[in-house]
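**Student:** Handing you a structure now.
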Amino acid sequence: AHLAALVLARGGSKGIPLKNIKLLAGVPLVGWVLRAALDAGVFHSVWVSTDHDEIEKVAKQFGAQVHRRSPEVSQDSSTSLEAIREFLNHHQEVDIVGNIQATSPCLHPSDLIKVADLIQKEGFDSVFSVVRRHQFRWSEVKKGENKMTEPQNLNPAKRYRRQDWPGELYENGSFYFAKRHLIEKGYLQGGKMAYYEMRAEHSVDIDIDIDWPIAEQRVLSFGYFGKEPLKEVKLLVCSIDGCLTNGRIYVTEDQKEMVSYDYRDIVGINLLKKRGIEVRLISERDCSKTLPAMQLECVAEVNATDKLQVLEDWRKYIGLSWKEVAYLGNEESDVECLKKAGMSGVPADACAVAQKAAGYICKSSGGCGAVREFAEHIFLLLEKVSSARKQ
């Protein structure tokens, strides 16, 4: 049976404009679930259903196929079921749909693999995600009614301790898997049903977690970052032009070159050094005269015609694996380095091909704090590595 992952990502959003591709911890929101779906390896195809050009572009960058949904199912009043049924009408090869919510960035491939087994091997017609909550419920008393509230799931005279009460299961909206025949009848849940209980820390819903910075912290702590485990970064290589500087070259009347940089980036480099991370610089042009003025005290390679070879030589000389190397670039010449490095980033104004190859897209532009921002990202991921070791 053809099992397809389908992410519904409409362009309209009343709360946050283009929320589905807004950067969350350096990755477009929809990218988190697409990465998990593709790495799960259980789907015959992975799709994004959208009505927006920019969302289509991001979806393809992450390796998904795109279904352009019609205006009829792209309204504020349109339901998920309507969009899924339209998708099935255009893709007769699909037998089972795994509808994954773009707003669940802590989804892991291991969850999707287990759900696929429930559908394909154990014969369930529909499976949906739930999370266990320990919350006491009380009946609602409408304003103006002179009534007492009543307990719904507890005895106030004998309140449970959390450890003595198993809690209750609630839908968390992360995913809904269903076979074609159910969806065509108008159901996402039906037939032989099963729930899949997700870990509470993986149950992050951006529709509920309105505070974006809090959601980012949750993702950095519990999100899925790829098939291979993270390793501690020991070397950052930064492209000078367009990352450390804004890429502009100012020429004086006596033909001397000047560049500008952001002092915050210098602070970021010094903080990395204090944490024991070596920082090296690279440039395609000869900027050897301006580098001393920055007083960075970093090894630098200028006139680099092959950045990847320089990076490879440095990596071998220091004795590091690629997972221990971070790279910050912004141009097409940086793409292979971005792909090889264990941690990669680009400024907000990097070229499209560099953004596609990077694992993190800064909010700041080159020469305007991007290095400092990427340094903070490295520190956060180092905390994640440290936490994983303790566990």
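The values are calculated or read from the model by the stated rules, or taken from the named source; none is laboratory data. All values reported here derive from a predicted model rather than from experimental measurement. A quick note on method: Cβ atoms are made from the backbone with ideal geometry, for glycine too, and the neighbour counts reach across all protein chains shown. Please note that ligands, DNA and RNA were not included when accessible areas were found on the heavy atoms of the full protein model with its side chains. Shrake-Rupley method; radii C 1.70, N 1.55, O 1.52, S 1.80 Å.
**Student:** Could you identify which residue out of A304, A350, A40 has the top mean-square fluctuation in a GNM of the chain using Cα springs shorter than 10 Å?
**Tutor:** A304
**Student:** Relative contact order of region 235-391, please, whole-number percent, based on alpha carbon pairs below 8 angstrom and at least 6 residues apart. Display every interim value, and only then the final one.
**Tutor:** Numbers: 280 pairs, mean separation 41.8, N = 157.
This gives 27 percent for region 235-391.
**Student:** How about K273: which lysines have a C-alpha closer than 25 Å to its C-alpha, ignoring those fewer than 8 places off in the same chain?
**Tutor:** Once the sequence-local lysines are set aside, what remains near K273 is K231, K234, K289, K307, K316, K323, K339, K340, K363, K384, K390.
**Student:** Using Cα positions and a limit of under 15 Å, work out the aspartates and glutamates in reach of K142, with same-chain residues fewer than 8 apart set aside.
**Tutor:** Within reach: E150.
**Student:** Next up: Going by average Cβ density within 10 Å per residue, which order do the peptides 96-106, 376-386, 140-150 take, highest to lowest?
**Tutor:** Values: 96-106: 24.7, 376-386: 16.1, 140-150: 8.2.
The densest-packed peptide leads the list: 96-106, 376-386, 140-150.
**Student:** Sorted from largest down, what three extents in whole angstroms do the Cα atoms of the chain have along their principal axes?
**Tutor:** Projected onto the principal axes, the Cα atoms of the chain cover 83, 55, 45 Å.
**Student:** How big is the Kirkwood radius of region 136-202, worked out from every pair of different alpha carbons and given in Å to one decimal? Before the final figure, lay out each step's value.
**Tutor:** Details: mean 1/r = 0.0624 Å⁻¹.
For region 136-202, inverting the mean 1/r across all distinct Cα pairs yields 16.0 Å.
**Student:** Enter the accessible area per residue of region 235-389 (Å², integer; probe 1.4 Å; all protein chains in place).
**Tutor:** On the way: 7540 Å² over 155 residues.
Counting only protein heavy atoms, the per-residue value for region 235-389 is 49 Å².
**Student:** Here is a further query. What value, in deg cm²/dmol to 500, does the helix sum -39500 (n - 2.57) over DSSP H runs of n ≥ 4 give at 222 nm once divided by the residues of the chain?
**Tutor:** Values: 12 runs with 121 residues, N = 391.
Result for the chain: -9000 deg cm²/dmol, rounded to the nearest 500.
**Student:** Note down the relative contact order for the chain as a percent, whole number, built from C-alpha pairs under 8 angstrom at least six residues apart. Display every interim value, and only then the final one.
**Tutor:** Numbers: 737 pairs, mean separation 57.1, N = 391.
Once normalised by length, the contact order is 15 percent.
**Student:** Could you check what % of the DSSP bridge pairs in the chain are antiparallel, to the nearest 5? Intermediate results must be reported in sequence, preceding the final value.
**Tutor:** Values: 18 of 55 bridges.
Rounded to the nearest five, the antiparallel share is 35 percent.
**Student:** Over region 126-219, what relative contact order in percent results from Cα pairs under 8 Å that are six or more residues apart? Can you show the working numbers first?
**Tutor:** Numbers: 117 pairs, mean separation 38.0, N = 94.
Once normalised by length, the contact order is 40 percent.
**Student:** In terms of Cα to Cα distance under 18 Å, which lysines are near enough to K192, apart from those fewer than 8 places away along the same chain?
**Tutor:** Cross-link targets: K114, K121, K179.
**Student:** Over all pairs of distinct alpha carbons, what does the Kirkwood formula give as the hydrodynamic radius of region 51-161, in Å?
**Tutor:** On the way: mean 1/r = 0.0533 Å⁻¹.
Across region 51-161, the inverse of the average 1/r is 18.8 Å.
**Student:** Further question on the same structure: Which of the chymotrypsin sites (Phe, Trp or Tyr not before Pro) found in region 160-240 are in a DSSP loop and have at most 14 neighbouring Cβ atoms, other than their own, within 10 Å?
**Tutor:** Working: sites: Y160, Y170, F175, Y176, F177, Y187, Y195, Y196, F222, Y224, F225; in loops: Y160, Y187, Y224, F225.
Loop-located and lightly packed - Y160.
**Student:** Then there's this: Would you please classify the overall shape of region 1-102 from the alpha carbon gyration tensor, given that a ≥ b ≥ c denote the square roots of the eigenvalues, rounded means a/c under 1.5, and beyond that prolate means a/b larger than b/c while oblate covers the rest?
**Tutor:** Values: a/c = 1.97, a/b = 1.11, b/c = 1.77.
Here region 1-102 falls in the oblate category.
**Student:** Students often check this: by mean Cβ neighbours within 10 Å, which of 107-114, 29-36, 283-290 ranks highest, and how do the rest follow? Write down the numbers at each step before the final one.
**Tutor:** Values: 107-114: 18.8, 29-36: 25.5, 283-290: 15.2.
Peptide ranking by packing, descending: 29-36, 107-114, 283-290.
**Student:** Let me ask another. Of the residues G342, G190, G167, which exhibits the maximal mean-square fluctuation in a Gaussian network model of the chain defined by a 10 Å Cα contact cut-off?
**Tutor:** Among G342, G190, G167, the largest GNM mean-square fluctuation belongs to G167.
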